Amino acid sequence: MAEAAEIQQTVLGNVRDQQEMLVDAFAARDEFVAPFVKAFQAAPVSRVVFLGSGTSFNVSVLAASLFSRVVKVEGVAPYPTEFTHHGAGLDPAHTDPSSIVVVGVSQSGTSISTCEALRYAKQRGYRTLALTGDTKSRISTIADTVLPLLVGLELTGPETKGYTASIFSVYLWAFATARAVGAIGAAEAEAAIAEAGDLAAQFDTVLKEAEEWYDRNRGGLLHSSRINILGYGIGYGTMLEGVLKVAEMLRVPTIGNLLEEHVHGPTMALKFDHATLIIGSDEAEFERMVNIRDAISEHAPGVHVISCRDFDGADERDLVFSAKVSTYLAPLLYAVPFHFLAAKGGKDVYIDTNVNPVPIRFGHYQD
């Protein structure tokens, strides 16, 4: 086997190379699902705190929403430093620390802020778990329970496969845990888990459709002076991921916002050459989203909806996936077009996304 240093990877190659990873992770899901459920059930849970920085923060936001809505236990996702230094995500009314579960998410296992936050949580007597691609890393020496992130090698700086593998993991956690604690029935949980396996098996179609969307909209997207990314509900974490990846790799001014809040001021700065990408989660705001899309289009035509739900007026600017998956599984698809925009867009404007142009390394332990 080649040493990691000898393996050449690109971000775009990693984006395209995800189906096999997901199929393998689904087949081996007992490695990271069963230990999570066991640790969760060790004592009653009043709150689950998800901690991560960068891509892992975006995963944590999605995880908190899933656990609040599926497991019916309060889920929160504060920034790790806010948790450690300012009590964000903690409720002083809780007197039993064993009822608090704290999950650190770090693909490398070396995020300083996440490791220190997990250490702080452990010192306070909370139950601590870690999801990491390196089960011998720094975070693994801190957590009570270590769960493997089955992402394989991802040697590039910007993480794309890692995001996909992480949200796949937390989705499976949520439904397995909900079944175990009685929040949903066994049949519903089994159907949701089986749906994830089915999607993994057809993920190449997701990748194909997302890349085709980028290719047909490439000209307008790459000539945008600013990119606005909007989300709501379960799609909020994906919005954050889209902003991060586009800023990391395409390196154009990019802002993100909650859909409804975007029309409370930011639209006053809208210009004709702005692109607006909206994550159309199949939730209560969907029709409102379509109305806002149409209104923005009158002033800046580069508006793109990314969704699994068909809607009147969808055109070549939009990406409506052929896979019609459930609301909570859909975020697995929605990040992919942003990864293509960032990685392939960067390549198309001659940016080497493997190279960090500002090598300031304060975020991770270097040993």
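Sequence gap at least 6, Cα distance under 8 Å: using those rules, report the relative contact order of the range 198-297 to the nearest whole percent. Let's see the in-between values first.
Working: 96 pairs, mean separation 32.8, N = 100.
Taking the mean separation of contacting Cα pairs over the length of the range 198-297, I get 33 percent.
Run the Debye formula on the Cα coordinates of the chain, all scatterers equal and no solvent, and tell me log10 I(q)/I(0) at q = 0.12 1/Å. These q points yield log10 I(q)/I(0) values of -0.88. Along the range 207-223 the Karplus relation, 6.51 cos²θ - 1.76 cosθ + 1.60 evaluated at θ = phi - 60°, assigns HN-Hα couplings of 4, 4, 5, 5, 5, 4, 4, 4, 4, 7, 10, 3, x, x, 5, 6, 9 Hz to successive residues, with x for each Gly and Pro.
How much length, in nm to one decimal, is gained on full extension between Lys136 and Glu261, taken as 0.36 nm per residue of separation minus their Cα-Cα distance? Walk me through the numbers before you get to the answer.
On the way: separation 125, 0.36 × 125 = 45.00 nm, distance 4.22 nm.
Gain in length upon complete extension: 40.8 nm.
With N counted as the residues of the range 200-348, its alpha-carbon radius of gyration over 2.2 N^0.38 Å works out to 0.94.
Leaving ligands, DNA and RNA out of it, report the carbon-plus-sulfur percent of the accessible area of the range 138-198 at a 1.4 Å probe.
Numbers: 990 of 1920 Å².
Accessible surface attributable to carbon and sulfur in the range 138-198 totals 51 percent.
With a Förster radius of 35 Å, plug the Cβ-Cβ distance of Arg288 and Asp91 into 1/(1 + (r/R0)^6) and report the FRET value to the nearest 0.05.
Details: r = 32 Å, r/R0 = 0.91.
Once the sixth-power term is evaluated, E becomes 0.65.
Give me the accessible area per residue for the chain, probe 1.4 Å, as a whole number in Å². Write down the numbers at each step before the final one.
Numbers: 15330 Å² over 367 residues.
Solvent-accessible surface per residue comes out at 42 Å².
On the beta carbon distance between Val349 and Glu74, with R0 = 35 Å, the FRET formula returns roughly 0.20. The charge dipole of the range 90-189, taken about its Cα centre with unit charges on the Cβ atoms of Lys, Arg (+1), Asp and Glu (-1) only, comes to about 200 debye. The Cβ shell under 15 Å around Lys38 holds other residues with a net charge of 0, Lys and Arg each +1, Asp and Glu each -1. Over every Cα atom in the range 259-323, the radius of gyration and the widest Cα-Cα span, Dmax, amount to 11.5, 36 Å. Proximity of backbone amide H atoms, modeled 1.01 Å from N, is registered between Gly256 and Ile229 at under 5 Å, excluding neighbours fewer than 5 places apart on the same chain. Each residue of the range 170-175 was assigned a 3J(HN,Hα) from its phi angle through the Karplus expression (A = 6.51, B = -1.76, C = 1.60, θ = phi - 60°), giving 5, 4, 5, 4, 4, 6 Hz with x at Gly and Pro. Close amide H partners of Val103, meaning residues 5 or more places away or on another chain with modelled amide H under 5 Å apart, are Val49, Phe50, Leu51, Leu129.
What net charge is computed for the residues neighbouring Pro78, neighbours being all others with C-beta under 15 Å from the C-beta of Pro78, Lys and Arg scored +1, Asp and Glu -1? Please list the in-between numbers first.
Numbers: positive: Arg47, Arg124; negative: Glu74, Glu82, Asp91, Glu116.
Its environment carries a net charge of -2.
Could you check how much of the accessible area of the range 1-102 is carbon and sulfur, as a whole percent, using a 1.4 Å probe? Answer for the range 1-102: carbon and sulfur cover 54 percent of the accessible area. Straight-distance candidates among the lysines for linking to Lys208, with alpha-carbon spacing under 25 Å and chain neighbours fewer than 8 residues away dropped: Lys161, Lys245, Lys324, Lys344, Lys347.
Look at the dipole of the chain built from charges on Cβ: of Phe67, Met268, Ala343, the Cα furthest out on the positive end belongs to Phe67. Applying the Karplus relation 6.51 cos²θ - 1.76 cosθ + 1.60 with θ = phi - 60° to the range 309-324 yields 3J(HN,Hα) values of 9, 5, 8, 5, x, 4, 9, 5, 6, 8, 10, 10, 4, 6, 6, 9 Hz, where x marks Gly and Pro.
Centroid-to-centroid, using Cα positions, the range 5-75 and the range 188-211 are 16 Å apart. In the chain, the DSSP-assigned H stretches of four residues or longer account for a calculated mean residue ellipticity at 222 nm of -13000 deg cm²/dmol, using -39500 (n - 2.57) per stretch and the full residue count as denominator. The H on the amide N of Leu319, modeled in the peptide plane, is under 5 Å from the matching H of Val305, Ile306, Ser307, each at least 5 residues off or on a different chain.
The values are calculated or read from the model by the stated rules, or taken from the named source; none is laboratory data. As the structure is a computational prediction, the values presented were derived from the model and not from experiment. Neighbour counts are summed over all protein chains in view; Cβ atoms, including those assigned to glycine, are modelled from backbone coordinates with ideal geometry. These accessible areas exclude ligands, DNA and RNA; they are computed on the full protein's heavy atoms, side chains included. Shrake-Rupley method; radii C 1.70, N 1.55, O 1.52, S 1.80 Å.
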